[in-house]
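The values are calculated or read from the model by the stated rules, or taken from the named source; none is laboratory data. What you are looking at is a predicted structure, and each value in this text was computed from that prediction instead of being measured. Glycine gets a Cβ as well: all are built from the backbone with ideal geometry, and neighbour counts include every protein chain shown.
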C-alpha cells in the first residue's frame with residue numbers, strides 16, 4: 001500500500017469513471033483530494049461522499065474545461081479550498097471524447113477536443129506549478145490510441161500524442177525540482193461513458209480478443225497505476241508513458 005498521508009491531490013474529471021476511481025484510490029492511501037468536475041455535480045458529490053465515508057478528506061470544485069477562463073475558475077476554487085496548503089499530486093484526467101473520422105469531424109469538434117484535451121492540461125500545469133511542492137507528481141491520462149491506427153479516433157489520438165510529448169518535455173524541465181511527470185495510457189475500459197459503445201454487438205468481444213490479458217479493463221486497474229506513480233516508490237520514473245491497457249493490440253493472438 002502506497003502511503004500518501006499528508007499529500008494533497010487534484011484530480012480533474014473525478015465525478016465518474018476512471019477519474020472517480022483515481023480520486024477514491026488516492027484518498028484511500030491517505031491523500032486529501034480535490035475532486036474537479038465540469039457538469040456532473042451529483043457524481044462529484046458522490047465521489048466526495050465515498051471518500052469521506054471511508055474516513056478520507058475531499059472537496060469538489062466545478063470548472064467547465066475548454067472554455068474561456070476555465071483554468072482561472074478552477075484555481076479560484078482550488079485555492080479557496082486549500083487555504084494556503086500546497087499541492088503535491090496533479091492528475092489530468094478530464095478529456096473530451098473522440099469526435100469521429102476525418103470525413104465527419106467539424107472544426108468546432110476538433111477545436112473543442114484540443115481545448116479540453118491539450119490546452120486545459122497544459123495551462124492547469126502552468127497554473128499549478130507555483131502551488132506544487134518540490135518532489136511532486138504530475139500525471140496525465142493518455143490513451144493507447146496513440147500507438148494504434150483507428151480511423152474513428154484520429155483527432156482524439158492527436159490530442160493524446162500531444163500530452164505524451166508534453167509530459168516528456170516537462171519531465172526534463174521539472175526534474176531539478178524533483179517533480180516527476182508521466183502519462184498513463186489506458187485501453188478498453190469499462191466505464192459508464194463507454195457503456196453505449198461496449199454494448200454494441202461484438203465490440204466487447206473484439207476488444208477482449210485483442211487484449212493480452214483477455215478482458216476489458218476496470219477503472220480500478222488504471223487507478224492503481226496512478227497511485228503507484230504518485231507514491232515515493234515511483235520517484236525514479238519520469239518522462240514515461242505507462243501502458244495500462246492489459247496489453248491491447250500487442251500483436252496477433254494465435
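Computed values, structure above
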{"item": "Lone qualifier among 188, 136, 161, 100 - being surrounded by 20 or more Cβ atoms within 10 Å (Cβ to Cβ) and within 27 Å of residue 251 (Cα to Cα)", "result": "188"}
{"item": "Matching residues in segment 174-188 - criterion: being under 17 Å from residue 227 (Cβ atoms) and over 13 Å from the mean Cα position of the chain (by Cα)", "result": "180"}
{"item": "Selection within segment 39-95 - in a helix (DSSP H, G or I), closer than 12 Å to residue 24 by Cα and out of contact with any strand residue (DSSP E or B) (no Cβ under 8 Å at 6 or more places or on another chain)", "result": "46, 49, 50, 53"}
{"item": "Some residue of segment 112-119 being under 23 Å from residue 227 (Cα atoms) and either out of contact with any strand residue (DSSP E or B) (no Cβ under 6 Å at 6 or more places or on another chain) or free of Cβ contacts under 8 Å to residues at least 60 places away in the same chain (or both)", "result": "yes"}
{"item": "Leading residue by the ranking (surrounded by the fewest Cβ atoms within 10 Å (Cβ to Cβ)) among those in segment 14-33 that are more than 13 Å from residue 223 (Cα to Cα) and touching a helix residue (DSSP H, G or I) at 6+ places or on another chain (Cβ under 6 Å)", "result": "15"}
{"item": "Meets criteria (over 26 Å from residue 171 (Cβ atoms), surrounded by fewer than 21 Cβ atoms within 10 Å (Cβ to Cβ) and touching a helix residue (DSSP H, G or I) at 6+ places or on another chain (Cβ under 6 Å)) for residue 59", "result": "yes"}
{"item": "Enumeration of residues in segment 96-124 that are within 20 Å of residue 26 (Cα to Cα) and either out of contact with any helix residue (DSSP H, G or I) (no Cβ under 7 Å at 6 or more places or on another chain) or modelled with pLDDT under 95 (or both)", "result": "none"}
